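**Q** Here it is, the structure in full.
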Amino acid sequence: MTRYNRQGQPIGPAVANWSGCETIPRTPMRGAICDVVPLEPSHSDDLFAAYALDTSSQLWTYMTKGPFASQQQLCDWVSDCADAQDTLFFAVIDKATDKAIGVVSYLRLQPENGVV
């Protein structure tokens with residue numbers, strides 16, 4: 001028997017015993033060249049210095065925020081990101097310098113829907 005969604009479109013069979021998934025843990029990931037660690041406000045100074053190296057602003061082409069005119073603007077954004085519930089932000093730490101050089105994230109976390 002064909003099932004239909006709210007828009008009247010045919011959809012596949014129901015998944016038996018669906019229970020969602022676990023969320024991604026906020027734990028560091030260690031690598032050979034860099035570490036990826038939960039983003040914290042303490043990373044702001046390093047990130048501002050790293051982002052200042054991009055004098056053309058091309059870094060920001062596909063970013064939702066930035067470039068940041070001041071270190072305080074970046075710090076405020078990092079604080080908001082560190083507290084986000086539906087997105088999990090991490091700082092990329094260069095092992096050679098032990099400095100944050102960038103940010104990566106998992107977007108639209110919805111463990112109840114199996115989305116990580």
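The values are calculated or read from the model by the stated rules, or taken from the named source; none is laboratory data. Keep in mind it's a predicted model, so treat the numbers as computed, not measured. Glycine gets a Cβ as well: all are built from the backbone with ideal geometry, and neighbour counts include every protein chain shown.
**Q** State the number of residues belonging to the stretch 60-73 that are free of Cβ contacts under 8 Å to residues at least 12 places away in the same chain and out of contact with any Gly (no Cβ under 7 Å at 6 or more places or on another chain).
**A** To start, the set of residues in the stretch 60-73 that are free of Cβ contacts under 8 Å to residues at least 12 places away in the same chain comprises 60-64, 69-70, 72-73.
From what is left, the residues that are out of contact with any Gly (no Cβ under 7 Å at 6 or more places or on another chain) are 61-64, 69-70, 72-73.
Result for the stretch 60-73: 8.
**Q** For the structure I just gave you, tell me whether Ser57 is under 30 Å from Met1 (Cβ atoms) and free of Cβ contacts under 8 Å to residues at least 40 places away in the same chain.
**A** Details: under 30 Å from Met1 (Cβ atoms): no; free of Cβ contacts under 8 Å to residues at least 40 places away in the same chain: yes.
It is false that Ser57 is under 30 Å from Met1 (Cβ atoms) and free of Cβ contacts under 8 Å to residues at least 40 places away in the same chain.
**Q** Okay, moving on. Condition check: over 22 Å from Leu109 (Cβ atoms), in contact with a strand residue (DSSP E or B) (Cβ under 7 Å, 6 or more places away or on another chain) and either touching a residue at least 12 places away in the same chain (Cβ under 8 Å) or not charged (D, E, K, R) (or both). Does Ala50 satisfy that?
**A** Working: over 22 Å from Leu109 (Cβ atoms): yes; in contact with a strand residue (DSSP E or B) (Cβ under 7 Å, 6 or more places away or on another chain): yes; either touching a residue at least 12 places away in the same chain (Cβ under 8 Å) or not charged (D, E, K, R) (or both): yes.
Criteria met by Ala50.
**Q** Checking the condition more than 17 Å from the chain's Cα centre (by Cα), polar (S, T, N, Q) and at pLDDT below 95, which residue from Gln110, Gln58, Gln85, Gln72 passes?
**A** Numbers: Gln110 fails: more than 17 Å from the chain's Cα centre (by Cα); Gln85 fails: more than 17 Å from the chain's Cα centre (by Cα); Gln72 fails: at pLDDT below 95.
After applying the criteria, what remains is Gln58.
**Q** So, one more: I'd like to know if the stretch 92-113 contains one or more residues that are under 30 Å from Met1 (Cβ atoms), without any contact (Cβ under 8 Å) to a residue 12 or more places away in the chain and out of contact with any Leu (no Cβ under 7 Å at 6 or more places or on another chain).
**A** So far as the stretch 92-113 goes, no, none of its residues is under 30 Å from Met1 (Cβ atoms), without any contact (Cβ under 8 Å) to a residue 12 or more places away in the chain and out of contact with any Leu (no Cβ under 7 Å at 6 or more places or on another chain).
**Q** Further question: Name the single residue, out of those in the stretch 1-23 being of a type in the set (Val, Ile, Thr), loosely packed, with under 13 Cβ neighbours inside 10 Å and at pLDDT below 90, that is nearest to Val78 (Cα to Cα). Let's see the steps before the verdict.
**A** Kept after step one, since they are of a type in the set (Val, Ile, Thr), are these residues of the stretch 1-23: 2, 11, 15, 23.
Adding the requirement that they be loosely packed, with under 13 Cβ neighbours inside 10 Å leaves 2, 11, 15.
Applying the additional criterion that residues be at pLDDT below 90 yields 2, 15.
Working: Thr2: 47, Val15: 39 Å.
So, considering only residues that are of a type in the set (Val, Ile, Thr), loosely packed, with under 13 Cβ neighbours inside 10 Å and at pLDDT below 90, the one nearest to Val78 (Cα to Cα) is Val15.
**Q** Let me ask something additional. When both residues are 6+ apart or on different chains and their Cβ atoms are under 7 Å apart, which pairs have a first residue that lies in the stretch 19-41 and is at positive phi, and a second that is outside any loop (DSSP other than H, G, I, E, B)?
**A** Hits for this filter: Gly20/Pro111; Gly20/Glu112; Gly20/Asn113.
**Q** Quick check on the stretch 24-67: of everything there that is loosely packed, with under 15 Cβ neighbours inside 10 Å and of a type in the set (Ser, Thr, Tyr), which residue is nearest to Gln85 (Cα to Cα)?
**A** Ranking the qualifying residues of the stretch 24-67, first place goes to Thr27.
**Q** Hey, among the residues in the stretch 85-110 that are surrounded by fewer than 13 Cβ atoms within 10 Å (Cβ to Cβ) and of a type outside the set (S, T, N, Q), which one's nearest to Asp54 (Cα to Cα)?
**A** Ranking the candidates gives Val104 first.
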